């Protein structure tokens, strides 16, 4: 007995209206010519499952596969940060994983603090004074620098950023977002 | 669509029908609200030492965004203290119905029966957000203003006109309550069809007519249901059910899709981008511009916020819809397609707000312990926690949680973009209609990722 449900139908042939195809030039002609978007309903059941599994595998791969990059040798980093209401200058500092980082924090107006998220280290600078903070940047990623001493109304929002190596979480999340959109788009149709 | 009727559970139904739990909850939130206003007006001007700032913008906001709204929809509205006093005066009773209330009972103007006022209100809040969120006195005055406005409107207009047509937070909650897994619906519409009295609308000795001016029989989405349970009490035929359902069930409902709701969605989507840039970004000049009201920088910030939320974002979305419509060769009008597709991005907006809230909720939550002991910042130490140092919680997993929230929102929205397109189009055309909209959602998500974890 033939299982008609799972018979492979003819390949989709596009179907973009001629008027729209003309209006959209090359892209329209491409769609009109039959370069339709992948469509699970037109695939064999097994192919659809492969497509779904491939999406999941791709998402996991983007998330966890290590990127082979040569890592620079750890070095001493000396950074001078000026704190004023309500910003750090420079607001973003970038170091390599393993670097020994020394931050000289200078305040130009009121008392300001500097707390490094996840590293849990902090320092406080009196107006006109410089305080020093040293730590080993042994955790890769991007971390917020936060003022740890109430310095005025916008104190809760006084933040900077410390980049320790590339921000892989951001890049991987961006990569997965494309896969996630595809997954939602094709896998959960009505 | 799977549903489980919670009111089948006897003890839960008794709890929901009883007026006392809701009355007690409203009394507690009202007391907290009064304390918040007093703390804001007479307490320390330092935000992190003042109950008003910490409880409203850290504790309550976090509770609303991460718990109450995604899981309970308008559950907060049922215990919100802002309309409580006005409603008590209007009804002339605190608990049981039967009092002789005050008020003119006018109908809300027909032209304003939409969410344009809440949209405008949320925009205005956004213009002054950097001040309101950091200055206890401003927070105190704003909350006092809200409660007075709610009382005045309760005395002039019928029922909860303020909540349904004015409150920006109510508009916000109403929009996103569509995706919540709780609903109040009638069990059997046929029963309602033969019930001439419609006690759920007019009220009786057991319950008031719907304070939100909704008719339960025609309720197809949560937007205007305040979960106050009055219809559960007043229904003569025991025909009202409180259901547990799948997340996002209302998005399939075509009724209630309108341009004002669509624009409110863009106001929310744009606001979360601007707030993330101002409050979580490392750009001090932007923060200063948003804070210094009346300066050229503030006017530039205000113009940017309004242009982005009401012009650029809806404009780009309209462009995406227009391209999709042309690719699909759709005969459905551009306006109808725009409105329908804009409702698909409700999950994206909600999850963007969740991700935004995560970024400061855990980091700032430790302030709650100190202001509990010293709500006015006067040096008290009621519970011995006043001197607890600021400690950011869970800072190592915050970015991961944000990624999960944003990507979850993208997947969720992409499902609905496609499904809504399929309401009017063949599958192939729906795909073409949806692709540019999906690109819009993808770019938005990547932008939020960059702002929050970049």
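Pick from segment A:56-81 the residues that are under 30 Å from residue A:186 (Cβ atoms) and more than 18 Å from the chain's Cα centre (by Cα): which of them is modelled with the highest pLDDT?
Going residue by residue through segment A:56-81, those that are under 30 Å from residue A:186 (Cβ atoms) are A:56-67.
Now narrow it down to the ones that are more than 18 Å from the chain's Cα centre (by Cα): A:56-57.
Working: A:56: 79, A:57: 84.
Checked segment A:56-81; the qualifying residue modelled with the highest pLDDT is A:57.
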In segment B:1-58, which residues are out of contact with any strand residue (DSSP E or B) (no Cβ under 7 Å at 6 or more places or on another chain), within 14 Å of chain A (Cβ to nearest Cβ) and either part of a loop (DSSP other than H, G, I, E, B) or under 28 Å from residue B:234 (Cα atoms) (or both)?
B:44, B:45, B:46, B:50
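Could you pull out the residue among A:63, A:58 that is within 28 Å of residue A:159 (Cα to Cα), in a helix (DSSP H, G or I) and in contact with a helix residue (DSSP H, G or I) (Cβ under 8 Å, 6 or more places away or on another chain)?
Numbers: A:58 fails: within 28 Å of residue A:159 (Cα to Cα).
Going through A:63, A:58 in turn, the sole match is A:63.
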Checklist (1) within 13 Å of another protein chain (Cβ to nearest Cβ); (2) surrounded by fewer than 18 Cβ atoms within 10 Å (Cβ to Cβ); (3) under 28 Å from residue B:277 (Cα atoms) applied to residue A:104, failing item:
(1)
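Give the residue that is farthest from residue B:405 (Cα to Cα), with candidates limited to residues of segment A:167-183 that are at the interface with another protein chain (Cβ under 7 Å from one of its Cβ atoms) and touching a residue at least 12 places away in the same chain (Cβ under 8 Å).
From segment A:167-183, those at the interface with another protein chain (Cβ under 7 Å from one of its Cβ atoms) are A:167, A:169-170, A:173-174, A:176-178, A:180-181, A:183; that's our starting set.
Then keep just the ones that are touching a residue at least 12 places away in the same chain (Cβ under 8 Å); that gives A:167, A:169-170, A:176, A:180, A:183.
On the way: A:167: 18, A:169: 14, A:170: 14, A:176: 13, A:180: 12, A:183: 16 Å.
Out of the qualifying residues, it is A:167.
Listed here are the residues, each with its yes/no results for (1) buried (at least 21 other Cβ atoms within 10 Å of the Cβ); (2) modelled with pLDDT of 95 or more; (3) in contact with a helix residue (DSSP H, G or I) (Cβ under 6 Å, 6 or more places away or on another chain).
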{"site": "B:51", "(1), (2), (3)": "yes, yes, yes"}
{"site": "B:60", "(1), (2), (3)": "no, yes, no"}
{"site": "B:75", "(1), (2), (3)": "no, yes, yes"}
{"site": "B:102", "(1), (2), (3)": "no, no, yes"}
Report every pair of residues separated by at least 6 positions or lying on different chains whose Cβ atoms are under 7 Å apart, first residue within segment A:44-71 and farther than 21 Å from residue A:166 by Cα, second part of a loop (DSSP other than H, G, I, E, B).
A:44/A:8; A:51/A:43
In the set B:254, B:245, which member is touching a strand residue (DSSP E or B) at 6+ places or on another chain (Cβ under 8 Å) and closer than 30 Å to residue B:7 by Cα?
B:245
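Just checking, does segment B:92-100 include any residue being in contact (Cβ under 8 Å) with a residue 40 or more places away in the chain, surrounded by fewer than 22 Cβ atoms within 10 Å (Cβ to Cβ), out of contact with any strand residue (DSSP E or B) (no Cβ under 9 Å at 6 or more places or on another chain) and part of a helix (DSSP H, G or I)?
The initial filter retains those residues of segment B:92-100 that are in contact (Cβ under 8 Å) with a residue 40 or more places away in the chain, namely B:94-98.
Retained after the next criterion (residues that are surrounded by fewer than 22 Cβ atoms within 10 Å (Cβ to Cβ)): B:94-98.
Narrowing the set further to residues that are out of contact with any strand residue (DSSP E or B) (no Cβ under 9 Å at 6 or more places or on another chain) leaves B:94-96, B:98.
With the extra rule that they be part of a helix (DSSP H, G or I), the set shrinks to none.
No: segment B:92-100 contains no residue that is in contact (Cβ under 8 Å) with a residue 40 or more places away in the chain, surrounded by fewer than 22 Cβ atoms within 10 Å (Cβ to Cβ), out of contact with any strand residue (DSSP E or B) (no Cβ under 9 Å at 6 or more places or on another chain) and part of a helix (DSSP H, G or I).
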Among (1) surrounded by 24 or more Cβ atoms within 10 Å (Cβ to Cβ); (2) facing chain A (nearest Cβ under 9 Å); (3) within 30 Å of residue A:166 (Cα to Cα), there is one condition residue B:432 misses while meeting the rest; what is its number?
(3)
Failed item in (1) out of contact with any strand residue (DSSP E or B) (no Cβ under 7 Å at 6 or more places or on another chain); (2) under 30 Å from residue A:119 (Cα atoms), with residue B:453 passing the rest
(1)
Please go through segment B:240-280 and give me each residue that is assigned to a loop (DSSP other than H, G, I, E, B) and crowded, with 17+ Cβ neighbours inside 10 Å, ordered by number.
B:248, B:257
Positions within segment A:78-90 being crowded, with 16+ Cβ neighbours inside 10 Å and either in contact with a strand residue (DSSP E or B) (Cβ under 6 Å, 6 or more places away or on another chain) or not in a loop (DSSP other than H, G, I, E, B) (or both), in sequence order:
A:81, A:82, A:83, A:84, A:87, A:88
Residues located in segment A:144-166, provided they are buried (at least 22 other Cβ atoms within 10 Å of the Cβ) and at the interface with chain B (Cβ under 10 Å from one of its Cβ atoms)
A:145, A:146, A:153, A:154, A:156, A:157, A:158, A:159, A:160
Test set (1) in contact with a helix residue (DSSP H, G or I) (Cβ under 7 Å, 6 or more places away or on another chain); (2) surrounded by 17 or more Cβ atoms within 10 Å (Cβ to Cβ); (3) within 30 Å of residue B:36 (Cβ to Cβ) - residue B:381 fails condition number
(2)
For segment B:139-159, how many residues are more than 20 Å from the chain's Cα centre (by Cα) and without any contact (Cβ under 8 Å) to a residue 40 or more places away in the chain?
1
Of all strands (runs of 3 or more DSSP E) fully inside segment A:100-190, the set with 3 or more residues that are within 24 Å of the chain's Cα centre (by Cα) is A:141-146, A:159-164
Could you identify the single residue in A:142, A:106, A:130, A:134 that is over 30 Å from residue B:290 (Cα atoms) and touching a residue at least 24 places away in the same chain (Cβ under 8 Å)?
A:134
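Could you pull out the residue among B:371, B:354, B:312 that is closer than 23 Å to residue B:411 by Cβ and at pLDDT 95 or above? I'd like the intermediate steps shown before the answer.
Details: B:371 fails: closer than 23 Å to residue B:411 by Cβ; B:312 fails: closer than 23 Å to residue B:411 by Cβ.
Answer to the selection: B:354.
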Of all residues in segment B:169-181, how many are closer than 29 Å to residue B:43 by Cα and either over 16 Å from the mean Cα position of the chain (by Cα) or surrounded by fewer than 22 Cβ atoms within 10 Å (Cβ to Cβ) (or both)?
1
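Within segment B:408-429, work out how many residues are in a helix (DSSP H, G or I) and either more than 7 Å from chain A (Cβ to nearest Cβ) or within 21 Å of the chain's Cα centre (by Cα) (or both). Don't jump to the end; show me each part of the working.
Narrowing segment B:408-429 to residues in a helix (DSSP H, G or I): B:408-421, B:427-429.
Okay, now just the ones that are also either more than 7 Å from chain A (Cβ to nearest Cβ) or within 21 Å of the chain's Cα centre (by Cα) (or both), so B:408-410, B:412-413, B:416-417, B:420-421, B:429.
Final tally of qualifying residues: 10.
The values are calculated or read from the model by the stated rules, or taken from the named source; none is laboratory data. Remember, predicted model here, so these are calculated numbers, not experimental data. Note that each Cβ is placed from the backbone with ideal geometry, even for glycine, and that neighbours are counted across all protein chains shown.
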